[in-house]
Amino acid sequence: MYSVLKRVIFFILLIGFWELLFRCGICPEYVLPSTVSVYKTLIRGFQDHSFLIGIAISMKRIAIGYGISIGVGVFLGLLIGRFRIFEETLGSLISGLQTLPTICWLPLALLWFGLNDTTIIFLVFMGAVFSITVATDAGVKSVPQLYIRAARTMGAKRWNLYFEVIIPAALPHIITGMKQGWSFAWRSLMAAELLIVCLGLGHLMMIGRELNDMSQVIAVMIVIIIIGILVDRLFFVKVEQRIRERWGLVKG
């Protein structure tokens, strides 16, 4: 309760400071709009459903791209973590590709797919897949060999070994990679929607810029931040907590 109160006080002070800057006239309204103006834009955006449509379209794209990246990333991570040939070849390639900013894939995606949703989904995929792969690889390599030998002694076959021993033991690392991959995927989605003319939250920000409406730009930014926080709190935090409880890592 005390921590919630501290957050509420902090955000009240932050909004108050923002409004004070506006009242003092330090920046013109097209640079720093008032909090009231941003609030009205938020309300209007949800009332005319433009924000709801933008959210729905953006979430559909990230669900497809991020979902594919989880499947591919975990599969590649298992290969690299379990087989030396893949570690020495594919592993080194992925380590290099991970350093490449996602936006660098945009020219390639445009040549391959054109100006459409496939390009955006591809960028979302590329933004997340390498983080998930590297984390899964680290998780697989951190599994004690004693667990694997014990499972084999008890008659575990190849697929049972993966699904009942290796993946559950590597799950904390995989979830960490998924969390990091989500943040990269979300940023990649917004960057793609800003650069490619199509519906979505990023496009709503570009409309605000073209109309010189800073209230809309900031309002959409607030929506993007809130969605990111909700996904983190409602999914990743709960999953991490369940894993810590399962492995007895919760402090008493």
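The values are calculated or read from the model by the stated rules, or taken from the named source; none is laboratory data. Keep in mind that this is a model prediction, so the values were computed, not measured. Positions of Cβ are generated from backbone atoms using ideal geometry, with glycine treated the same way; all protein chains shown enter the neighbour counts. These area figures cover heavy atoms from the full protein model, side chains too; ligands, DNA and RNA do not enter into them. Shrake-Rupley method; radii C 1.70, N 1.55, O 1.52, S 1.80 Å.
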Exercise. In segment 87-115, what count of residues is obtained for those that are open to solvent by less than 60 Å² (accessible area, probe 1.4 Å), of a type outside the set (A, V, I, L, M) and touching a residue at least 24 places away in the same chain (Cβ under 8 Å)?
Worked result: 2
Problem set entry | Residue list for segment 118-166, restricted to those being of a type in the set (S, T, N, Q) and surrounded by fewer than 16 Cβ atoms within 10 Å (Cβ to Cβ) | Thr118, Ser142, Gln145, Thr153, Asn160
For this session: Name the residue, out of Phe11, Phe46, that is over 30 Å from Leu171 (Cα atoms) and modelled with pLDDT of 90 or more.
Result: Phe46
For this session: Please give the number of the condition Ile175 fails out of (1) in contact with an Asp or Glu (Cβ under 9 Å, 6 or more places away or on another chain); (2) over 21 Å from Phe125 (Cα atoms); (3) open to solvent by less than 20 Å² (accessible area, probe 1.4 Å); (4) not basic (Lys, Arg).
Result: (2)
Exercise. Any idea which of (1) at pLDDT below 80; (2) in contact with a His (Cβ under 7 Å, 6 or more places away or on another chain); (3) not basic (Lys, Arg) is the one Gly139 doesn't satisfy?
Worked result: (1)
Exercise. Which one is modelled with the lowest pLDDT, of the residues in segment 22-43 that are aliphatic (A, V, I, L, M) and within 20 Å of Leu211 (Cβ to Cβ)?
Worked result: Val31
For this session: Would you check if Val36 is out of contact with any strand residue (DSSP E or B) (no Cβ under 6 Å at 6 or more places or on another chain), closer than 30 Å to Pro144 by Cβ and part of a helix (DSSP H, G or I)?
Result: no
For this session: Kindly list, by first and then second residue, each pair from a residue in segment 22-46 that is exposed (fewer than 15 other Cβ atoms within 10 Å of the Cβ) to a residue that is modelled with pLDDT of 85 or more and aromatic (Phe, Trp, Tyr), limited to pairs with Cβ atoms under 9 Å and residues at least 6 apart or on different chains.
Result: Arg44/Phe51
